[in-house]
């Protein structure tokens with residue numbers, strides 16, 4: 001990725017302006033940079049709602065998925081790859097993370113798809129997240145956390161041409177809970 005390419009990526013401030021333009025209500029909290037779920041647990045007393053983890057994955061053919069689930073959810077990648085019919089999955093490199101989502105490791109977020117203008121990343125959401133409010137994500141910057149409603153997350157994903165797959169990560173053996181979600 002060149003310097004010119006990175007200038008095309010949206011910043012956290014740009015993202016928040018875009019959210020306002022979409023009519024999405026949010027609240028943003030500033031904090032020291034966080035790189036792990038464990039670090040985020042230590043500072044969240046003033047941040048109500050669901051806290052998540054995000055896995056940016058790819059298969060051998062280069063197809064990419066961003067899995068977003070509750071932070072304490074155990075993810076069975078064998079089950080996920082079977083449900084997605086993806087073949088083997090591995091974590092994406094930091095370079096791919098920056099190229100497609102415009103973020104560094106530790107700042108992975110579904111908001112990153114705003115930088116994926118070619119809609120090459122498929123978002124996969126934990127079904128449980130759709131029942132919780134608010135949801136907390138880094139706004140392209142791991143020194144901030146932005147809370148939005150689950151409905152507004154779906155609105156954002158659809159507006160950025162990333163309608164999510166909704167998967168029941170609580171019951172990895174069940175396959176009939178995986179569906180396209182559009183609102």
For this session: Neighbouring Cβ atoms within 10 Å as the yardstick, rank 100, 26 fewest first.
Result: 26, 100
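Taking the stretch 49-180 on its own, what percent of its Cα-Cα pair distances exceed 21 Å?
Tail of the P(r) past 21 Å holds 35 percent of the pairs.
For the stretch 73-139, what is the convex hull volume of its Cα atoms per residue in Å³?
Cα-based convex hull of the stretch 73-139, divided per residue, equals 114 Å³.
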For this session: For residue 133 and residue 72, compute 0.36 nm times the residue count separating them, minus their Cα-Cα distance, and round to one decimal in nm.
Result: 20.3 nm
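Values quoted throughout were computed directly from the atomic coordinates according to the rules given, and no laboratory measurement underlies them. Remember, predicted model here, so these are calculated numbers, not experimental data. Using ideal geometry, Cβ is built from the backbone for each residue, glycine included, and neighbour counts are taken over all protein chains shown.
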